[in-house]
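Colleague: Submitted below is the structure of interest, expressed as structure tokens.
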Amino acid sequence: MALPRREYLRHNPFGSSAAVGAVVLGSLGAILGDDVSEGMTLSLHATGTVMAHLWGATFAVGGVLKLYGLYWGRSTMEIPGLWLMSAGYAFYGITVVTGLGIGGLAAGILATVLAVGCLFKVRSIMRRARIVVRQNDAEAE
Amino acid sequence: MTWADAAVFIAQGIVGGGIVQAFIAITKRRSELRQLDRGTDSVMVETASGVVTMLRTELESAKSENATLEAKLADQQAKLADQQRQIHLLGERISELRTDLVIAKAEIHRLQDGQEQMP
């Protein structure tokens, strides 16, 4: 039995928005490569567009996994999604600041904060999982 | 290597680390997370079951209240029918009395007329 999807959105507005942002930005990155961000174009001059495509794909997959895990109640999907999203946001944050300097600070800070938020969410879910495992073990004994 | 190259290198390392962590979560943390999902599902089922029980109780109480109200309504309707019957009877009685009154008045007039003609 699952809650209506609207209920999940009501309880997780920020998580949902961060995941949708990851899917949209990641998809654009996977398609356009480093053209998706000027900061990324400037900072990735050495490794080129391949890294940007890889980042975009990773980021978009992370967003999709997060949304699937959240809306279908599957933390086995949500946790990998959060890790990928966190990595994607961190990568974007670092490259945009590296490429644009002070001009990229706003986007960089926003992306870094979201990356940290994803890590906090991972920590919170894993803590809950450990508590459930402990309770199950205690009941089994 | 400039600081920018170092930053990009770190960023690439972070993406690599994220992918590795995601794989670890899928492979090694799977059983913990599955237990969490099962726990969440069972809590949701319990909650839904509780809601169904509560709704059923409310339905039963509403049904019994409805039955009581219907009995009261039938009682009131019976009383109303009785009162209407009484009103009808009283109407008939008033009509009879009016007729008697008219007859009595006519009789009085007739007697008064008789007395006036006698001397």
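Colleague: Have a look at A:Gly101, A:Gly88 and point out the one that is in contact with a Phe, Trp or Tyr (Cβ under 6 Å, 6 or more places away or on another chain), part of a helix (DSSP H, G or I) and either within 11 Å of chain B (Cβ to nearest Cβ) or within 29 Å of B:Glu32 (Cβ to Cβ) (or both).
Modeller: Only one candidate passes the filter, namely A:Gly88.
Colleague: Quick check: is even one residue across segment A:133-141 surrounded by fewer than 16 Cβ atoms within 10 Å (Cβ to Cβ), within 11 Å of another protein chain (Cβ to nearest Cβ), over 13 Å from the mean Cα position of the chain (by Cα) and touching a residue at least 12 places away in the same chain (Cβ under 8 Å)?
Modeller: no
Colleague: Another question, then. Which is part of a helix (DSSP H, G or I) and within 30 Å of B:Ser31 (Cβ to Cβ), of A:Gly63, A:Gly108, A:Gly39, A:Gly93?
Modeller: A:Gly63
Colleague: Among the numbered criteria (1) modelled with pLDDT of 90 or more; (2) closer than 28 Å to B:Trp3 by Cα, which one does A:Met51 miss?
Modeller: (1)
Colleague: Return the only residue of B:Glu32, B:Glu92, B:Glu65 being surrounded by 11 or more Cβ atoms within 10 Å (Cβ to Cβ), part of a helix (DSSP H, G or I), free of Cβ contacts under 8 Å to residues at least 24 places away in the same chain and not small (Gly, Ala, Ser).
Modeller: From the options B:Glu32, B:Glu92, B:Glu65, the qualifying one is B:Glu32.
Colleague: Oh, and also: Please determine, by comparing only the residues of segment A:36-49 that are of a type outside the set (Gly, Ala, Ser) and more than 8 Å from chain B (Cβ to nearest Cβ), which one is surrounded by the most Cβ atoms within 10 Å (Cβ to Cβ).
Modeller: Here the residue is A:Met40.
Colleague: With respect to B:Gln21, determine if the residue is modelled with pLDDT of 90 or more, part of a helix (DSSP H, G or I), among the polar types (S, T, N, Q) and surrounded by 12 or more Cβ atoms within 10 Å (Cβ to Cβ).
Modeller: yes
Colleague: Quick check on this structure: which one of B:Thr47, B:Thr27, B:Thr40 is within 15 Å of A:Gly73 (Cα to Cα), within 14 Å of chain A (Cβ to nearest Cβ) and among the polar types (S, T, N, Q)?
Modeller: Result: B:Thr40 is the single residue among B:Thr47, B:Thr27, B:Thr40 that is within 15 Å of A:Gly73 (Cα to Cα), within 14 Å of chain A (Cβ to nearest Cβ) and among the polar types (S, T, N, Q).
Colleague: Further, regarding this structure: Is it the case that some residue within segment B:51-73 is within 14 Å of chain A (Cβ to nearest Cβ) and more than 30 Å from A:Gly88 (Cβ to Cβ)?
Modeller: Scanning segment B:51-73, I find at least one residue that is within 14 Å of chain A (Cβ to nearest Cβ) and more than 30 Å from A:Gly88 (Cβ to Cβ), so the answer is yes.
Colleague: On to the next question. With crowded, with 22+ Cβ neighbours inside 10 Å, aliphatic (A, V, I, L, M) and within 23 Å of B:Ser42 (Cβ to Cβ) as the only criterion, which of A:Leu84, A:Leu70 stands out?
Modeller: A:Leu70 is the lone residue from the list that is crowded, with 22+ Cβ neighbours inside 10 Å, aliphatic (A, V, I, L, M) and within 23 Å of B:Ser42 (Cβ to Cβ).
Colleague: Among the residues of segment A:50-81, write down those that are free of Cβ contacts under 8 Å to residues at least 24 places away in the same chain, under 28 Å from A:Met40 (Cα atoms) and within 7 Å of chain B (Cβ to nearest Cβ).
Modeller: Once the filter is applied, which keeps residues that are free of Cβ contacts under 8 Å to residues at least 24 places away in the same chain, under 28 Å from A:Met40 (Cα atoms) and within 7 Å of chain B (Cβ to nearest Cβ), segment A:50-81 yields A:Met51, A:Pro80.
Colleague: Name the residue, out of B:Gly17, B:Gly39, that is within 30 Å of A:Thr41 (Cα to Cα) and either free of Cβ contacts under 8 Å to residues at least 12 places away in the same chain or not β-branched (Val, Ile, Thr) (or both).
Modeller: So the residue among B:Gly17, B:Gly39 that is within 30 Å of A:Thr41 (Cα to Cα) and either free of Cβ contacts under 8 Å to residues at least 12 places away in the same chain or not β-branched (Val, Ile, Thr) (or both) is B:Gly17.
Colleague: Going residue by residue through segment B:78-93, is there one that turns out to be small (Gly, Ala, Ser), more than 7 Å from chain A (Cβ to nearest Cβ) and within 23 Å of A:Gly81 (Cβ to Cβ)?
Modeller: no
The values are calculated or read from the model by the stated rules, or taken from the named source; none is laboratory data. Keep in mind it's a predicted model, so treat the numbers as computed, not measured. Methodologically, a virtual Cβ is constructed for each residue, glycine included, from the backbone with ideal geometry; neighbour enumeration extends over all protein chains shown.
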